[in-house]
1. Over the stretch 325-392, what portion of Cα pair distances is larger than 20 Å, expressed as a whole percent?
2. Quick one: plug the Kirkwood hydrodynamic radius of the stretch 255-405 (C-alpha pairs) into Stokes-Einstein at 25 °C, 0.890 mPa s, and report D in µm²/s.
3. Would you list the P(r) distribution for the stretch 390-445, with all Cα-Cα distances sorted into 10 Å bins from 0 and each bin expressed as a whole %?
4. Which whole-number value in Å³ per residue fits the convex hull of the alpha carbons of the stretch 117-193?
5. For the stretch 25-65, place one equal point scatterer on every Cα, skip the solvent, and apply the Debye formula. What is log10 of I(q)/I(0) at q = 0.21 Å⁻¹?
6. Two decimals is fine: what's Rg over Rh for the stretch 1-154, C-alpha atoms, Kirkwood radius as Rh?
7. What percentages, rounded to whole numbers, describe P(r) for the stretch 360-434 computed over all alpha carbon pairs with 10 Å bin width beginning at zero?
8. If one puts a single equal scatterer on every Cα of the stretch 234-276 and applies the Debye formula without solvent, what log₁₀ I(q)/I(0) results at q = 0.17, 0.21 Å⁻¹?
Ligand SMILES: [Zn+2]
Ligand SMILES: [Zn+2]
């Protein structure tokens, strides 16, 4: 079957090259990927798929049904680039470039879908949902907040939003092969960090810096916040892979005035939901206490970013077996016990269904950097397409025995995606964290 799949994918090489190249030179940021969306829609329609479009945001899904009952497997490719000023193929106006290889993902998943669409699937049961999803990268948050305020989206990443819209209601498990590089042609790790995006506004009272006694220095409150976070670091547990990395984005107006407004942006990351919640609560308490220490105010604004990835090892092993049939088992690696420190909204998927994010070779240069490029088309696109097609084939053959085995042993953190959405909703915070009561007491909230 592997040679049959490889030769079928090969027929679509030219189209896959065209997709990669077009997207490379027409990179678009998250929730703005209308050119990429149009290209992929047309490509899937040409294959005979009937895509279901999201409509008011980019992206779509298209189903391939074997006609026999069984699990539905969801596979992704992502549409968005990210701002990388100086990247040779960046859009001259927006600076957005494909510096994470999502264009190769789109080409590869197209090759996979094209091959399976024309192959004889009479030995398979169940169905496949190909989903071309927007907005994986976390950037231009003001634009996304604006979409949220207009009611166009409810959540800030593509997969979260699609999940909330019910596009994956009938899907049983999912995977994605992300473009990468490194020693192995295919690899995956069981854990991936998730994060919370934080804006913190400290408010004090301005006055002349030469006569500061009547002022409240918001910069000092921010300083205490940074120091408090550093004092908390020794309480972080190594295996949780916690990262807290604040920056100041507005540090004062004039050197001869006591600063009354300081803006801090921060992220809290960890590889499991419980650690994320615990550390975030400590970091928020640090902000409130730092402001309260000198009579300042602080507004906290938290947005749930990606959830931590908690990937399914059984599904991963079946994937590695199939990938090994394409490129040799010695070129495939499941890094038992390790955490991928970058984040993705595949983590959100992993909270509600068996999920794996794997990486293929072919990318070169620094991820998200000016020199990132697809150096090896065969690894990034051809091998990835063939491997994904064979993974789907192996999961769904013999009455979908392997897919059913994954499902029977799966233990997602949340029982339903609705429960998960409730959790996500609970992570949105917008509040004044210090209240000064008339009786002179101070309340931290
Ligand atoms: Zn990326
Ligand atoms: Zn990426």
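1. Numbers: 987 of 2278 pairs.
Roughly 43 percent, rounded to a whole number.
2. Details: Rh = 19.2 Å.
For these conditions, the coefficient is 128 µm²/s.
3. In whole percents, the pair-distance histogram is 18, 21, 19, 16, 10, 9, 6, 1.
4. On the way: hull volume 13.3 nm³, N = 77.
Enclosed volume per residue, from the Cα hull, is 173 Å³.
5. Calculated log10 I(q)/I(0) at the listed q: -0.65.
6. Numbers: Rg = 16.6 Å, Rh = 16.4 Å.
Ratio of gyration radius to Kirkwood radius: 1.01.
7. Going from the shortest bin to the longest, the percentages are 15, 20, 21, 32, 10, 3, 0.
8. At q = 0.17, 0.21 Å⁻¹ the computed log10 ratios are -0.59, -0.70.
Computed from the coordinates by the stated procedures, all read-outs in this text should not be read as laboratory data. Please read all numbers here as calculations on a predicted model, not as lab measurements. Heads up, the Cβs are rebuilt from the backbone with ideal geometry, glycines too, and the neighbour counts pull from every protein chain shown.
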